[in-house]
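One structure is given below, encoded as structure tokens.
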Number of protein chains: 2
Amino acid sequence: LVRREVTRILTRGVIVDPDKLAAKEANFLAAAIWQGRKWGIALAELSTGDFRLTEGQNLEAMWEELYRLRPVELLLPNSCQTEDFSVSFAWLNPSPSLQYRSGEDFHLEAATRRLQRHLGTLFLDGFGLAGYSLGLQAAGAILCYLEENRTGTPRHLTSLIPYAQSDYLGLDEATIRNLEIFENFRTRSRPNSLLDIVDSTQTPMGGRKLAQWLRYPLKQLTAIQERLAVVSFYKEQSLLRQKWRDLLKGLVDLERLTARIVLEQATPRDLIALKNSLAQLPALRCLLPPELPPLAANLAAELEDLTDVHDAIKAALRPEPPLSIKEGGIFQEGYNTELDELISLTRRDKDWIARLEAREKELTGIGSLKVRYNKVFGYYLEVSKANLHLVPEYFIRKQTLVNAERFITAELKEYESRLLGAEEARKDLELQLFQELRRQIGQEAARLKKVADALATLDVLAALADIAARRQYACPRLQEGRGIRIVQGRHPVIEQVLPPGGFVPNDIDLNDRATLMIVTGPNMAGKSTILRQVALIALMAQIGSFVPAAAADIGVVDRIFTRVGAVDDIGRGQSTFLVEMHETANILHQATPRSLVVLDEIGRGTSTFDGLSLAWAVAEYLHDLAGEGVLTLFATHYHELTALSRLKPRVHNLQVAVAEASGDIVFLHQLRPGAANKSYGIQVARLAGVPAPVIARAQEVLENIEAGTLDQVGF
Amino acid sequence: LVRREVTRILTRGVIVDPDKLAAKEANFLAAAIWQGRKWGIALAELSTGDFRLTEGQNLEAMWEELYRLRPVELLLPNSCQTEDFSVSFAWLNPSPSLQYRSGEDFHLEAATRRLQRHLGTLFLDGFGLAGYSLGLQAAGAILCYLEENRTGTPRHLTSLIPYAQSDYLGLDEATIRNLEIFENFRTRSRPNSLLDIVDSTQTPMGGRKLAQWLRYPLKQLTAIQERLAVVSFYKEQSLLRQKWRDLLKGLVDLERLTARIVLEQATPRDLIALKNSLAQLPALRCLLPPELPPLAANLAAELEDLTDVHDAIKAALRPEPPLSIKEGGIFQEGYNTELDELISLTRRDKDWIARLEAREKELTGIGSLKVRYNKVFGYYLEVSKANLHLVPEYFIRKQTLVNAERFITAELKEYESRLLGAEEARKDLELQLFQELRRQIGQEAARLKKVADALATLDVLAALADIAARRQYACPRLQEGRGIRIVQGRHPVIEQVLPPGGFVPNDIDLNDRATLMIVTGPNMAGKSTILRQVALIALMAQIGSFVPAAAADIGVVDRIFTRVGAVDDIGRGQSTFLVEMHETANILHQATPRSLVVLDEIGRGTSTFDGLSLAWAVAEYLHDLAGEGVLTLFATHYHELTALSRLKPRVHNLQVAVAEASGDIVFLHQLRPGAANKSYGIQVARLAGVPAPVIARAQEVLENIEAGTLDQVGF
């Protein structure tokens, strides 16, 4: 009976095996703790070495941050176990696995000591961590968890970086979901999400970086403009861009490979892959000309060749080593004297055995004598029955077959035993040498990470340029002032789903004199699409991307809010309408004059008059907020709302145009000034295949309603 | 360089590794083919040996069948590749991976020959397959695919069973989704689905069987009543049930284990697990008394003890064999003479080596002499420096250490080499014996499957009884006549989510004189829940389950249709309203007087008057259908629809009751006769946290609307 010790407990947050991770997705292990309304969150991406923390002052923001991060695993103090957080997270897909940990793991002093030891410093201030406490406690809990999980010392978590939620554009869970930034709403998967459509990065680390940018769009004008300058540069330099991207394509996932090296999980083939990728660095550097924009120039400066690492691997390993680290055959000859000796020993003994057949044939005169090998007896001499009389005395009989007998000689067994011994010794030595080499390269993790990060960023910027060039995106003009003016804007995802030229672009102009747009128009005309595309264009601009439009002026937005078609959630016991009102309340409480609010069909889940009254009051509130109003797009079927434009100065009416031709409707998908006066619901029902008698009767009922005769008899 | 041949291509449909499968979920590999409007589908569950086919006359039904089956992998003829089916399947989660296969794989003659060969028969008629063609073609394509995948010969697909879609209650994709039968709508995962809540099966195969029953509820009265009789029996016999379920709990997944045995993937530990489970069969049979209801008695008759299989394993294998089949130690002594000899050889040589230390100590007088072993030199004698002068001549020096030297003797090396040889031979022999034993047990796959299937069915029936007993479910009275009468019905899922006693039960009575119920009432009052619970109770009754109600009379229903809260699907370019109308059109075209239709808020996605007109016409159509009407529950915010009860004989109005107390509303969740006159939307908005000024203004606007003064100035 073999007793096996559990050597690693592989929870989702500590996986680094590339076969078990999506290449372009982050795999966050997070920890959260709160006291009163203050909270701290820390997160570690063990497969890349990312290690960060943040803190805040109200719990809604903590939930928002957790929803935004989507950790695969979340550590919470034991004391939280009284509440059922699994319900709060069931929204997410996949929902994080919750690990309740002892309060001691989160203890401030212990956490501080643990972090000091891990980061190799006596003063956390050097990392900008002065003044943090709950965040440090969460970070300490993560380290504690990693130690317990025995994943190997995560030395590649080389620094702990604090960040502030307020530095980034605010995106709540509903908005991330409604705008389908990371996953399509219906399929709950990546295809046909914004990320999917704008991601043409060439490396896994670039893909993850782009996702991170979409998760945290910027608010600082200069930072956005720095990114845009590089995208513009790459857009114009199409040949350079193409060469750059072609070279990037061949790179391995440097970040995750480095992590596996540090965690002693990398194989010889991994190191060879690293070497081959590092060999591309000089060529990549040649593609970074001196006239680069500042951000790119800074990144280029971080891109060292890592020749020492490259050469160390090249000098050591064979170019095509085996998969296993236990079977030898990993190292080049000339790398290690002891190893060379063992190899030459083996070779000599093998030669001797190879020559034995000829020698013994000559000595014994047995022409059919053969030297063979099998697993049971090792090497042996086989002599056919006919020649047995020629067998000399020093042959020792081992086995009798039907037509032959098998023999060994003392000399043969001695060589064989020496050969096997040397081979074992060689395997052991190679294993040891490989572990040393891997540790030695692991020491360079910080440098490898820096290079990987610079490459990732330049990959994203060139990829955004590539998308911009291929799809005729425009460079947004960002400004400190308020307003969103888009000329010929398109929806980035739907434009790609439709055949070329099939998407009808539209203009929008939100500014201090026009903060609230009431959008009316029939079903299927595309109101929801137009609303979302405005939000998506603002979002894209603030990550530093070009945008699907002919031109766009974007005054930096502090938050984007959306309220679009909610779903019943019977498991949580909430009705559609309650969810809708929750999301609306959230917007009304948090929006500022610098926010962008997108409301689609507020008040649809209740009776007509109740819904209209609520929609009306919500619109007025957003218009009046702080005397300036909030930039708002408000789509509605309540045509009555268009009357607001006569009462409030900053309200404008827009309608989505439709043409009627002999009873049929043609959707023009064009936004025009003014209010719609018809919804064409019955025509849409006919298009959808509702039986003709039902359509005819609906038309009749409609005419009766309009004539005011329905209430009596329905005719 | 080691060349590795690809030995198996593991696509999702051919996985049988239990670590990669959800224990209680089917893993269907399906194939489909159509000509004109005729179609055939075949499906195989390689991990259980299930192999079936069906055919039909219109393509809508084919899509419905595929949506219902949810194959993980779908084979289609190459000629279909022109259409993009991935879009059609993106709805599903997970969506099946599509494999386009050569048309030849689907060729009728080749398929017939392939099936004859596989099933070992010259006449497929014996399997009831006379007259099938497209279905056979699909089945042939599956076999062809399995051959190519080299998964091992799937001999456990012992029969190919035809079934007819029309034998089962119709459930389209929207209804499966809306009723949350297999997954929660919001999380798209199993928790808080109907299946999750009613599944208390004790075995994996029982869990899969229950899912299959929910996927295919019955329409034949006698078949349903047979199941109900067993559930009733087990419900009453609570002690017997408890014992039965306790014993079942320990069983392994007999179906999937049998599959792995046939596919030569089972390990020695798998066989031991099989043996241990088979050992329970006699005890299980003792728990099947003679007075069982007919269905259970038939199943009991199928439950043989399989003593021969049990004994064959018991006689052969050690009770705790190693994981690997290559390392020996698998078989008992006494099982095989040759093996016993090898074992005794090994033992003798080991003994000899063990005694060597004492012997050589005595012979040489070296008190500190030790016999040791390492991987490089094998066994050796170690002598400390101080005693080197005592070393005899026949010691051969192998290695010098700081304080000792290591020696071998010719005799030691001879024993060692013999020992290693015997150990290798033993491993080889055990591997070979194990493969033989596994093949031999694989021959009994059909018997194992029959027992597994009987156990699965009895597991489900006892599990349904368990749920029924624990939750006070009632036995539904099924009947041929039309009508659904439920007394004190509850929603099976929400009842469980709420604290005990928190759910308010309700009555419903649909019959020939009352086919159409118009349900009005405020938001959050629970209209959607009540509608769904009626559909769920009918569905549960038709799988043979008790139902969450005090009493229920269910006239067998041919289809259940639902239209509940659609979601925008921008990726497919469809608006909410269009999806809603599509689903409505589908219902109007297919419903019969024996169907149950649940409509929740038809016409909400368009303007008020258009929506009301459509809702009105749809209600009339369902009322008038075939002069009998369809059993319909119609929830609406259009209070105007309640006027229908004055115009049409079979329309009844129901409202969900609410009490008002000093401006606050109290939801009573009670269904009462009559029409509601208020929606309480503004109150709900206040509950949801919409800011007070907005609420006050909405109230004001509402009063203005009701007073008819809004159009002018909004005051």
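Filter region A:616-637 for residues that are over 39 Å from the mean Cα position of the chain (by Cα) and either crowded, with 24+ Cβ neighbours inside 10 Å or touching a residue at least 60 places away in the same chain (Cβ under 8 Å) (or both) and give the result. Steps first, answer last, please.
To start, the set of residues in region A:616-637 that are over 39 Å from the mean Cα position of the chain (by Cα) comprises A:616-617, A:620, A:624, A:627.
A:W616, A:A617 - these are the residues of region A:616-637 that are over 39 Å from the mean Cα position of the chain (by Cα) and either crowded, with 24+ Cβ neighbours inside 10 Å or touching a residue at least 60 places away in the same chain (Cβ under 8 Å) (or both).
If a residue must be of a type outside the set (S, T, Y) and farther than 22 Å from B:Y415 by Cβ, how many such residues does region A:371-392 contain?
Applying the first criterion (of a type outside the set (S, T, Y)) to region A:371-392 yields A:371-372, A:374-378, A:381-383, A:385-392.
If we keep only those that are farther than 22 Å from B:Y415 by Cβ as well, we get A:371-372, A:382-383, A:385-392.
So the count comes out to 12.
Could you run through region B:666-694 and say how many residues are more than 10 Å from chain A (Cβ to nearest Cβ), among the hydrophobic types (A, V, I, L, M, F, W, C), closer than 24 Å to B:R490 by Cα and outside any strand (DSSP E or B)?
Of the residues in that region, 1 qualify.
Return the pairs, sorted by first residue and then second, in which the second residue is surrounded by 21 or more Cβ atoms within 10 Å (Cβ to Cβ) and not in a helix (DSSP H, G or I), the first residue lies in region A:167-181 and is at pLDDT below 90, the beta carbons are less than 6 Å apart, and the residues are 6+ apart or on different chains.
Within 6 Å, the pairs are A:N178/A:T562; A:N178/A:V564.
Which of the residues spanning region A:527-552 are touching a Gly at 6+ places or on another chain (Cβ under 6 Å) and either surrounded by fewer than 24 Cβ atoms within 10 Å (Cβ to Cβ) or within 17 Å of A:N192 (Cα to Cα) (or both)? I'd like the intermediate steps shown before the answer.
Kept after step one, since they are touching a Gly at 6+ places or on another chain (Cβ under 6 Å), are these residues of region A:527-552: A:527, A:533, A:537, A:549.
Selection gives A:Q533, A:I537.
Restricting attention to region A:217-247, which residues are over 24 Å from A:E495 (Cα atoms) and of a type in the set (S, T, Y)?
Scanning region A:217-247 gives a single hit, A:T222.
What are the residues in region B:193-247 that are farther than 26 Å from B:L171 by Cα and out of contact with any helix residue (DSSP H, G or I) (no Cβ under 8 Å at 6 or more places or on another chain), if any? First the steps, then the outcome.
In the first step, residues of region B:193-247 are kept if they are farther than 26 Å from B:L171 by Cα; the result is B:202-203, B:232-247.
If the condition is that a residue be farther than 26 Å from B:L171 by Cα and out of contact with any helix residue (DSSP H, G or I) (no Cβ under 8 Å at 6 or more places or on another chain), then B:E236, B:Q237, B:L239, B:Q242, B:K243, B:D246 are the ones that fit.
Quick check, is B:Y216 within 20 Å of B:L292 (Cα to Cα) and at pLDDT 95 or above? Write out each step before concluding.
Working: within 20 Å of B:L292 (Cα to Cα): no; at pLDDT 95 or above: yes.
No: the conditions fail for B:Y216.
Going through A:Q399, A:Q432 one at a time, which residue ends up being under 52 Å from the mean Cα position of the chain (by Cα), within 14 Å of another protein chain (Cβ to nearest Cβ) and not aromatic (F, W, Y)? Steps first, please.
On the way: A:Q399 fails: under 52 Å from the mean Cα position of the chain (by Cα).
Exactly one residue qualifies, and that residue is A:Q432.
Residue by residue through region A:236-253, note down the ones that are assigned to a helix (DSSP H, G or I) and either without any contact (Cβ under 8 Å) to a residue 60 or more places away in the chain or touching a Pro at 6+ places or on another chain (Cβ under 9 Å) (or both). I'd like the intermediate steps shown before the answer.
Residues of region A:236-253 that are assigned to a helix (DSSP H, G or I), as a first pass: A:236, A:238-249.
Once the filter is applied, which keeps residues that are assigned to a helix (DSSP H, G or I) and either without any contact (Cβ under 8 Å) to a residue 60 or more places away in the chain or touching a Pro at 6+ places or on another chain (Cβ under 9 Å) (or both), region A:236-253 yields A:E236, A:L239, A:L240, A:Q242, A:K243, A:D246, A:L247, A:K249.
Inspect all residues belonging to region A:272-295 and state whether any of them is of a type in the set (V, I, T), buried (at least 16 other Cβ atoms within 10 Å of the Cβ) and free of Cβ contacts under 8 Å to residues at least 60 places away in the same chain.
Filtering region A:272-295 down to residues of a type in the set (V, I, T) leaves A:272.
If we keep only those that are buried (at least 16 other Cβ atoms within 10 Å of the Cβ) as well, we get A:272.
The next check asks that each one be free of Cβ contacts under 8 Å to residues at least 60 places away in the same chain; those that pass are A:272.
Yes, some residue in region A:272-295 is of a type in the set (V, I, T), buried (at least 16 other Cβ atoms within 10 Å of the Cβ) and free of Cβ contacts under 8 Å to residues at least 60 places away in the same chain.
Please find, among B:S368, B:S324, the residue that is free of Cβ contacts under 8 Å to residues at least 60 places away in the same chain, under 21 Å from B:E411 (Cα atoms), in a loop (DSSP other than H, G, I, E, B) and polar (S, T, N, Q).
B:S368
Need the failing condition index for A:R438 against (1) over 22 Å from A:T203 (Cα atoms); (2) in contact with a Phe, Trp or Tyr (Cβ under 6 Å, 6 or more places away or on another chain), just the number.
Only one criterion in (1) over 22 Å from A:T203 (Cα atoms); (2) in contact with a Phe, Trp or Tyr (Cβ under 6 Å, 6 or more places away or on another chain) is unmet by A:R438, namely (2).
Looking only at region B:589-608, how many residues end up being outside any loop (DSSP other than H, G, I, E, B), buried (at least 21 other Cβ atoms within 10 Å of the Cβ) and within 7 Å of another protein chain (Cβ to nearest Cβ)?
Initially, region B:589-608 is screened for residues outside any loop (DSSP other than H, G, I, E, B), giving B:589-590, B:596-600, B:608.
Restricting the remaining residues to those that are buried (at least 21 other Cβ atoms within 10 Å of the Cβ) gives B:596-600, B:608.
Filter once more, so that each one left must be within 7 Å of another protein chain (Cβ to nearest Cβ): B:608.
Total satisfying the criteria: 1.
Select from region B:319-352 the residues that are surrounded by 15 or more Cβ atoms within 10 Å (Cβ to Cβ), on the phi > 0 side of the Ramachandran plot and out of contact with any helix residue (DSSP H, G or I) (no Cβ under 6 Å at 6 or more places or on another chain) and list them in ascending order.
B:G329 - this is the single residue of region B:319-352 that is surrounded by 15 or more Cβ atoms within 10 Å (Cβ to Cβ), on the phi > 0 side of the Ramachandran plot and out of contact with any helix residue (DSSP H, G or I) (no Cβ under 6 Å at 6 or more places or on another chain).
Yes or no: region A:674-686 includes at least one residue that is surrounded by 13 or more Cβ atoms within 10 Å (Cβ to Cβ), β-branched (V, I, T) and out of contact with any Asp or Glu (no Cβ under 6 Å at 6 or more places or on another chain).
If we filter region A:674-686 for residues that are surrounded by 13 or more Cβ atoms within 10 Å (Cβ to Cβ), which is where we start, we get A:674-676, A:678-686.
Then keep just the ones that are β-branched (V, I, T); that gives A:682, A:684.
From the residues that got through so far, the ones that are out of contact with any Asp or Glu (no Cβ under 6 Å at 6 or more places or on another chain) too are A:684.
Among the residues of region A:674-686, at least one is surrounded by 13 or more Cβ atoms within 10 Å (Cβ to Cβ), β-branched (V, I, T) and out of contact with any Asp or Glu (no Cβ under 6 Å at 6 or more places or on another chain), which makes the answer yes.
Return the total of residues in region A:187-224 being over 16 Å from the mean Cα position of the chain (by Cα), crowded, with 19+ Cβ neighbours inside 10 Å and either within 14 Å of another protein chain (Cβ to nearest Cβ) or among the charged types (D, E, K, R) (or both).
First, pick out the residues of region A:187-224 that are over 16 Å from the mean Cα position of the chain (by Cα): A:187, A:218-224.
Okay, now just the ones that are also crowded, with 19+ Cβ neighbours inside 10 Å, so A:187, A:218, A:224.
Imposing the further condition that a residue be either within 14 Å of another protein chain (Cβ to nearest Cβ) or among the charged types (D, E, K, R) (or both) reduces the set to A:187.
Of the residues in region A:187-224, 1 are over 16 Å from the mean Cα position of the chain (by Cα), crowded, with 19+ Cβ neighbours inside 10 Å and either within 14 Å of another protein chain (Cβ to nearest Cβ) or among the charged types (D, E, K, R) (or both).
Just name the residue that is farthest from B:K527 (Cα to Cα) out of those in region B:695-711 that are facing another protein chain (nearest Cβ under 7 Å) and aliphatic (A, V, I, L, M).
So, considering only residues that are facing another protein chain (nearest Cβ under 7 Å) and aliphatic (A, V, I, L, M), the one farthest from B:K527 (Cα to Cα) is B:L710.
Answer yes or no: is there a residue in region B:532-548 that is out of contact with any strand residue (DSSP E or B) (no Cβ under 6 Å at 6 or more places or on another chain), within 11 Å of another protein chain (Cβ to nearest Cβ) and not aliphatic (A, V, I, L, M).
Within region B:532-548 (the criterion being out of contact with any strand residue (DSSP E or B) (no Cβ under 6 Å at 6 or more places or on another chain), within 11 Å of another protein chain (Cβ to nearest Cβ) and not aliphatic (A, V, I, L, M)), the answer is yes, since at least one residue qualifies.
Looking only at residues that are assigned to a loop (DSSP other than H, G, I, E, B) and facing chain B (nearest Cβ under 9 Å) in region A:507-527, which one is nearest to the chain's Cα centre (by Cα)?
Applying the first criterion (assigned to a loop (DSSP other than H, G, I, E, B)) to region A:507-527 yields A:512-513, A:515, A:521-526.
With facing chain B (nearest Cβ under 9 Å) added as a condition, the list becomes A:522-526.
Values: A:P522: 38, A:N523: 35, A:M524: 33, A:A525: 34, A:G526: 30 Å.
That would be A:G526.
If you scan region B:114-128, which residues turn out to be in contact with a helix residue (DSSP H, G or I) (Cβ under 8 Å, 6 or more places away or on another chain) and either at pLDDT 90 or above or in a helix (DSSP H, G or I) (or both)?
B:R114, B:L115, B:Q116, B:H118, B:L119, B:L124, B:F127, listed by residue number.
Quick check on region A:405-419. Is at least one of its residues away from chain B (no Cβ under 14 Å), modelled with pLDDT under 90 and either within 19 Å of A:A358 (Cβ to Cβ) or surrounded by 18 or more Cβ atoms within 10 Å (Cβ to Cβ) (or both)?
Kept after step one, since they are away from chain B (no Cβ under 14 Å), are these residues of region A:405-419: A:405.
After this cut, where a residue has to be modelled with pLDDT under 90 as well, the list is A:405.
Keeping just the survivors that are either within 19 Å of A:A358 (Cβ to Cβ) or surrounded by 18 or more Cβ atoms within 10 Å (Cβ to Cβ) (or both) gives A:405.
Within region A:405-419, one or more residues are away from chain B (no Cβ under 14 Å), modelled with pLDDT under 90 and either within 19 Å of A:A358 (Cβ to Cβ) or surrounded by 18 or more Cβ atoms within 10 Å (Cβ to Cβ) (or both).
Would you say B:V493 is assigned to a helix (DSSP H, G or I) and under 30 Å from B:L622 (Cα atoms)?
On the way: assigned to a helix (DSSP H, G or I): yes; under 30 Å from B:L622 (Cα atoms): yes.
Against the criterion (assigned to a helix (DSSP H, G or I) and under 30 Å from B:L622 (Cα atoms)), B:V493 qualifies.
So for region A:558-576 (the condition being more than 7 Å from every other protein chain (Cβ to nearest Cβ), over 20 Å from B:H639 (Cβ atoms), in a helix (DSSP H, G or I) and modelled with pLDDT of 90 or more), does at least one residue qualify?
no
For region B:402-434, enumerate the residues that are hydroxyl-bearing (S, T, Y) and in a helix (DSSP H, G or I).
Filtering region B:402-434 for residues hydroxyl-bearing (S, T, Y) gives B:409, B:415, B:417.
Passing the criteria: B:Y415, B:S417.
Tell me which residues, restricted to region A:423-444, are of a type outside the set (K, R) and crowded, with 21+ Cβ neighbours inside 10 Å.
Here is the first cut: in region A:423-444, the ones of a type outside the set (K, R) are A:423-425, A:428-437, A:440-444.
A:A425, A:E430, A:F434, A:L437, A:I441, A:G442, listed by residue number.
Could you check region A:169-234 for helices (runs of 4 or more DSSP H) lying wholly inside it with 3 or more residues that are farther than 20 Å from A:Q472 by Cβ?
Working: elements: A:173-178, A:194-198, A:204-215.
Qualifying helices (runs of 4 or more DSSP H): A:173-178, A:204-215.
Can you name every residue in region A:649-664 that is crowded, with 16+ Cβ neighbours inside 10 Å, in a strand (DSSP E or B) and more than 12 Å from chain B (Cβ to nearest Cβ)? Full working, then the answer.
From region A:649-664, those crowded, with 16+ Cβ neighbours inside 10 Å are A:650-658; that's our starting set.
This time we only want the ones that are in a strand (DSSP E or B), so: A:651-658.
Of everything in region A:649-664, those that are crowded, with 16+ Cβ neighbours inside 10 Å, in a strand (DSSP E or B) and more than 12 Å from chain B (Cβ to nearest Cβ) turn out to be A:H652, A:N653, A:L654, A:Q655, A:A657, A:V658.
The values are calculated or read from the model by the stated rules, or taken from the named source; none is laboratory data. Remember, predicted model here, so these are calculated numbers, not experimental data. Note that we place each Cβ from the backbone using ideal geometry, even for glycine, and neighbour counts take in every protein chain shown.
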